[in-house]
Amino acid sequence: MTKKESVYFAKMRDFSFLLIYIIIMFTIFSCAGQSESDFNDDKKYESLRQQMVETQIIRRNITDQNVLKAMRTIPRHLFVSKRYQAEAYDDHPLPIADGQTISQPYIVAIMTELIQIDSSSKVLEIGTGSGYQAAVLGEISNSVYSIEIIQGLAERAEQLLDSLGYKSVQVRAGDGYKGWPEVGPFDAIIVTAAAPEIPQPLIDQLKIGGRMVIPVGESNQDLILITKNETGIVKKSVIPVRFVPMTGEILE
Ligand code: SAH
């Protein structure tokens, strides 16, 4: 190698080292920047979530430890669009796509407590919406079935629940009026859209001893708790509520 050539190779080597150094530093800084802001967001939402459970749920006398644990765990902000994420832990319902809503956290809590489920309960939800209520059920029970009448919502909720690892929740697009007879009867049924009357197929798919919660009414609705026994059903009105209406066959 001539002297000229070796100077040339030395320069090339220095240049390559410099390039590699720049790439490594760039990668380190961009990753650090990304994960730091994600980390800060996670911390912020974690704190809002714990506050939500303390001030909106425990203070209003919800005591079921499974419900409290589920709501302390689930990242509710991921169930709403970016523009509503900052409000996801506030004390009110929020809009989701297609003119529907995700219920107020307290309403999710009281409905879940009322149906008294544990890991072995088979649970049916009518009105998947964002999938948040289904996630709460899925944290507690090993077999949750949820039906959503709007195809796009059903698909989005299914994807989100899958990505968060809720293997115990199955989502189906369709009219929940007739329930899910292939997998019933259920220990518990939770209806999250307001019905003018209680759909008979859902009563039929409730086990003896099973519980169902459902908002009943049109503009004025009551949350009704139904328990089924050997001789029929017992209905109890719990609180006034406001849900989006149930659509499909119930209106025919
Ligand atoms: N549980 C939801 C909120 C539901 S809002 C959540 O946690 O986000 C009520 C949902 O019920 C809406 O998405 C609406 O499309 C759905 N719905 C209305 N009528 C229905 C029917 N007959 N069968 C299934 N879903 C229905």
Heavy-atom accessible area per residue, the chain, 1.4 Å probe: how many Å²?
-> 55 Å²
Let me know the charge dipole size of the chain about its Cα centre in debye, to the nearest 20, where only the beta-carbon of Lys, Arg (+1) and Asp, Glu (-1) is charged.
-> 900 debye
Mind checking which of Gly217, Gly179, Ser103 is farthest towards the positive end of the chain's charge dipole, using Cβ charges of +1 (Lys, Arg) and -1 (Asp, Glu) about the Cα centre?
-> Ser103
With every protein chain in place, region 63-251: carbon and sulfur % of accessible area (1.4 Å) = 49 percent
Gap in Å between the Cα centre of region 157-201 and the Cα centre of region 57-113?
-> 18 Å
Would you check the accessible area of Lys178, probe 1.4 Å, heavy atoms only, in square angstrom rounded to 10?
-> 110 Å²
At 222 nm, what helix-only mean residue ellipticity would the chain give, in deg cm²/dmol to the nearest 500, using -39500 (n - 2.57) for each DSSP H run of four or more?
-> -12500 deg cm²/dmol
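The values are calculated or read from the model by the stated rules, or taken from the named source; none is laboratory data. These numbers were taken from a predicted model, which means no experiment stands behind them. Counting neighbours? That spans all protein chains shown, and the Cβs are built from the backbone with ideal geometry, glycine included. Note: accessible area is taken over every heavy atom of the protein model, side chains too, but ligands, DNA and RNA are not part of it. Shrake-Rupley method; radii C 1.70, N 1.55, O 1.52, S 1.80 Å.
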